[in-house]
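**Q** Sharing a structure below in structure tokens format, with a few things to ask.
The values are calculated or read from the model by the stated rules, or taken from the named source; none is laboratory data. The model shown is predicted, which means the values in this text are computed figures rather than measured ones. FYI the Cβ positions are ideal-geometry reconstructions off the backbone, even for glycines, and counts take in every protein chain you see. Just the protein is used for accessible areas: all its heavy atoms, side chains included, with ligands, DNA and RNA removed. Shrake-Rupley method; radii C 1.70, N 1.55, O 1.52, S 1.80 Å.
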Amino acid sequence: MKTPMMKQFLDIKSGHPGEILLFRMGDFYETFFEDAATVSKALGITLTSRGGSGEDGERIPLAGFPYHALDGYLSKLIKSGYRVAICEQTEDPALARGLVRREVIEVITPGTLVSGAALDERRTLLLCAAFISGERGGLAFCDISTGEIDATEIGALLVPSEIARRDPTELLLPEGSGIQPPSGCEPTFVERWKFDPDTAAGAAGSVLSIITPEGFGAAADSPAVSAVGALLAYVRDTKRMDLAHLCFTGMYRREDSMIIDRGSARSLNITESSQGEEHAILSRTTDETVTAAGSREWRKWLESPSRDRRVIEERYDAVSWLIGHREALEGLRSRLDGSADLQRQSGKLGTLRSSPRDLRAVADTISMLPEIAGLIEGADSALLADIASMDLLEGTGRMIDSVLTEDPPARLADGGVIRKSVSRELDEYREIRSGGHDWIRSRRDEERERTGIPNLSINSNKVFGYYIEVSRSHLDKIPEDYIRKQTLVNAERFITPQLKEMEARVFRAGDEIEKLENELFCDLRKKVADDIEGIRNAGRMLARLDVLSSLAVLASRWGYVRPLLAEMPGICIEEGRHPVLEMILPQGECVPNSIRLDQGRRILLVTGPNMAGKSTYLRQAALLVVLAQAGSFVPAASMTFSPVDRIFTRIGSSDRITRGQSTFLVEMAEAAALLNSSTKDSLAILDEVGRGTSTYDGLSLAWAMVEYLHESVDHRPLVLFATHYHELTALGNLLPAAANVNVKVKDTGGKVVFLYRIEEGGTDESYGIHVASMAGVPPRVVRRARKVLVDLEAGRHLMPGGGGEDQLELSLEPAAPVEDPLADRLRSIDPDSLTPRRALEILYELRDSIE
């Protein structure tokens, strides 16, 4: 037979079949049945059971944890891929008649985190909605933690790559959609009608107050509006609260920034890397920010470097000014270092989750704004001037300071949140409680004197309230007006009418204090939330200022220079240094190299030995372009470049086994994207194209690709092409806009020294066998490889079995011994028994036998 509480649980659970339901019971969150088994395994907590409430009276599995541990456990569940519904008690148990009312107040998913341990403070977590209508696709992205939403409309075929590029944690799709989410992204399918244009426009209008699609900067039937509307409906369904704090930052165009697809970003280690290379990520090694918001902003700049020359130059101007004003720079960083993350604080305010300490952090940061603005006031930089003119939020800061104590507790329930003199009623209750405590201390001293019991004490607990405790050795001195309440092993506890009367006054005052502090704090929080847009905008400004300050520090510390923008497509770098290797290698080991690409020299064919630095050279060029276009100075003697619209890469091997795609197929797909989509403003980084198939097939494809990129009218990117196909160096002489460069090597009698310097001209030496020997390949294999190489270079083909004069058998087995008279003669000589004269005679004899 089901108990009323279990019936309540089952009724609520029926509305959340795909979610773990955390059911609040007093000071614990409990889970039951399958949820309990899942939670026990995921969190490593004990799975127990209770009896009599299930069908046929069977025992019910349960697992739970204290309510104050929710944040840590919730983080583990979300990171494990679970959706979690929080079911709270929505009425005071003391006032409830019968069963306490409970409701789901929030559903938490990977893309709807507002705060907590699962939310990485230095990474932006995005919720995405995608919708395709015919040949057009619409995408909407929302950072719930800050409340910011943006959207775009693109061709339907570009939707998967744009989703992967933005890298959301959760993807909303209409039921039946065939869009494949990228790795690490949780798909959520919602009813298709929520993407209906009219329904979506209504949802968007009710939340964002944008009545018409034109208000979004889109057409009436734009799939982007459908995506925004479906996203907002989903957020409203999961958050179960007013979403007025969400703001639409606008429609963005892919072509406004450099496009770096996710594969290229990973190949270049821009913001993520392959496993084991986390220490070599550009966004980390170049991150000198002092705030979490600044770190997130720097990642955004690197993921989508602007193509707008004005934006790039304004960032350069700001960095230049900060470098030249060291005192202001240091003052800014010291103040920013102690500032709160106002962008994410605005997200907490919008969802009414701000704690007393959150509001104190907001007020303390607001108090710094005038000093921060003063340090950059009058700066010869449009960007810094814009930051200096931000709203200083002085009214909001004064409002918080007038109500909140200087050092409030983390939790409202701990008390001591509201200042003295804010509420006369609150002050009166505090005096009663304080006076009650003083009365009790005084009463203890009086009772000790009256009874003659020196160790008499007055204490309290939640069960008995206030009581007098007397040890057993003094029980004979107990007055008649003491009423026995509890017997312990070594003591007795008593109460008196006067003590209970004062207890009632103190406890009643405590209850009233808690009630009044809660009302006053919630009223304050609501008023502060009215200025949420100003707080969020100030957070944006501080994040940008942190990035600019970081870039100034980076440039000063490592000797970076300001790039120059060119009118014509091209890249010219003098003595450029790899921005990551320079920081992680010992000082002096990062070798600088130059590069020149322009309209008369669009294609560089890079040859040289394995391990000599070809791939590093290619990556270095790409990373310096990304840094420069993001607004950073660069590690080089000088750099001139034109903004790039997209970086194409083909670096390394990447089998996609789960999709049935081999390394070579992936390689050709990436090459196809370059050949079909590149423009004169693109940059292509190609490393060893064609190596995944036979030598002649690979060489033929590589040759044809270089010719196509040279001759095409529409697809004419700047190209860096590293190859071991030395035959391709001929193209450097045949094609007017192609040139050869090679990595310099010093060969001293069979010993190879890598110099890591790039010089003009091609090379036909790979030194692959030498590298194999360095790597520890057995000498027998190395010797055999040298022999095979000699045969190949002599024009003898290696075929299994052998059948002609110019064929020989390819085998690592030792060849059959051949009679060698000279070797036999040498073996027969005993050097220790020879006289000098006889040794000389034998030497002449051996020479004569050879002739």
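**Q** From the set of residues in segment 623-655 that are more than 19 Å from LEU720 (Cα to Cα) and in contact with a helix residue (DSSP H, G or I) (Cβ under 7 Å, 6 or more places away or on another chain), which is modelled with the lowest pLDDT?
**A** So the first thing to find is which residues in segment 623-655 are more than 19 Å from LEU720 (Cα to Cα), and the list is 630-635, 637-638, 654-655.
From the residues that got through so far, the ones that are in contact with a helix residue (DSSP H, G or I) (Cβ under 7 Å, 6 or more places away or on another chain) too are 630-635, 654-655.
Details: ALA630: 97, GLY631: 97, SER632: 97, PHE633: 98, VAL634: 97, PRO635: 97, SER654: 49, ASP655: 41.
Selected residue: ASP655.
**Q** Can you give me the number of residues within segment 531-582 that are acidic (Asp, Glu) and more than 28 Å from the chain's Cα centre (by Cα)?
**A** 4
**Q** If you take the residues in segment 393-423 that are assigned to a helix (DSSP H, G or I) and modelled with pLDDT under 90, which one is most open to solvent (accessible area, probe 1.4 Å)?
**A** The selected residue is ASP414.
**Q** Here's a follow-up. State whether the residues of segment 591-614 include one that is in contact with a Cys (Cβ under 6 Å, 6 or more places away or on another chain) and either more than 20 Å from ARG557 (Cα to Cα) or not in a loop (DSSP other than H, G, I, E, B) (or both).
**A** Checked segment 591-614: at least one residue is in contact with a Cys (Cβ under 6 Å, 6 or more places away or on another chain) and either more than 20 Å from ARG557 (Cα to Cα) or not in a loop (DSSP other than H, G, I, E, B) (or both).
Rundown of residues vs (1) modelled with pLDDT under 85; (2) among the aliphatic types (A, V, I, L, M); (3) open to solvent by 30 Å² or more (accessible area, probe 1.4 Å), yes/no style:
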position	(1), (2), (3)
GLY176	no, no, yes
TRP193	no, no, yes
GLY202	yes, no, yes
ILE211	yes, yes, yes
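**Q** For segment 656-744, give me every one of the helices (runs of 4 or more DSSP H) that falls completely inside it and has 2 or more residues that are of a type in the set (A, V, I, L, M), within 38 Å of the chain's Cα centre (by Cα) and modelled with pLDDT of 90 or more.
**A** Ranges flagged: 695-711.
**Q** Select from segment 466-505 the residues that are assigned to a loop (DSSP other than H, G, I, E, B) and open to solvent by less than 80 Å² (accessible area, probe 1.4 Å) and write down the one among them that is nearest to SER442 (Cα to Cα).
**A** Among those that are assigned to a loop (DSSP other than H, G, I, E, B) and open to solvent by less than 80 Å² (accessible area, probe 1.4 Å), it is THR496.
**Q** With (1) touching a residue at least 12 places away in the same chain (Cβ under 8 Å); (2) within 26 Å of LEU342 (Cβ to Cβ) as the list, and ALA63 as the residue in question, which single condition is left unmet?
**A** Of everything listed in (1) touching a residue at least 12 places away in the same chain (Cβ under 8 Å); (2) within 26 Å of LEU342 (Cβ to Cβ), ALA63 misses just condition (2).
**Q** Checking the structure you have, find out if any residue of segment 237-252 is in a helix (DSSP H, G or I) and not β-branched (Val, Ile, Thr). Break it down stepwise before answering.
**A** First, pick out the residues of segment 237-252 that are in a helix (DSSP H, G or I): 237-239.
Adding the requirement that they be not β-branched (Val, Ile, Thr) leaves 237, 239.
Checked segment 237-252: at least one residue is in a helix (DSSP H, G or I) and not β-branched (Val, Ile, Thr).
**Q** Does segment 558-567 include one or more residues that are in contact (Cβ under 8 Å) with a residue 24 or more places away in the chain, over 17 Å from TYR316 (Cβ atoms) and either among the hydroxyl-bearing types (Ser, Thr, Tyr) or open to solvent by less than 70 Å² (accessible area, probe 1.4 Å) (or both)?
**A** Scanning segment 558-567, I find no residue that is in contact (Cβ under 8 Å) with a residue 24 or more places away in the chain, over 17 Å from TYR316 (Cβ atoms) and either among the hydroxyl-bearing types (Ser, Thr, Tyr) or open to solvent by less than 70 Å² (accessible area, probe 1.4 Å) (or both), so the answer is no.
**Q** From the set of residues in segment 270-287 that are open to solvent by 20 Å² or more (accessible area, probe 1.4 Å) and outside any helix (DSSP H, G or I), which is nearest to LEU545 (Cα to Cα)?
**A** The qualifying residue nearest to LEU545 (Cα to Cα) is ASP287.
**Q** Just to be sure I understand, how many residues within segment 618-647 are over 11 Å from ARG307 (Cα atoms) and part of a loop (DSSP other than H, G, I, E, B)?
**A** Total meeting the criteria: 5.
**Q** Mind checking which helices (runs of 4 or more DSSP H) fall wholly inside segment 294-379 and carry at least 1 residues that are among the charged types (D, E, K, R) and under 25 Å from SER632 (Cα atoms)? Before the answer, list the steps.
**A** Numbers: elements: 309-324, 326-336, 342-350, 356-376.
Because the criterion is at least 1 residues that are among the charged types (D, E, K, R) and under 25 Å from SER632 (Cα atoms), the helices (runs of 4 or more DSSP H) in segment 294-379 that meet it are 309-324, 326-336.
**Q** Take segment 370-381 and flag every residue that is in contact (Cβ under 8 Å) with a residue 60 or more places away in the chain, over 16 Å from ILE323 (Cα atoms) and open to solvent by 10 Å² or more (accessible area, probe 1.4 Å).
**A** none
**Q** Tell me, which residue of segment 99-115 that is assigned to a loop (DSSP other than H, G, I, E, B) and open to solvent by 30 Å² or more (accessible area, probe 1.4 Å) is nearest to ILE149 (Cα to Cα)?
**A** So the residue we want is SER115.
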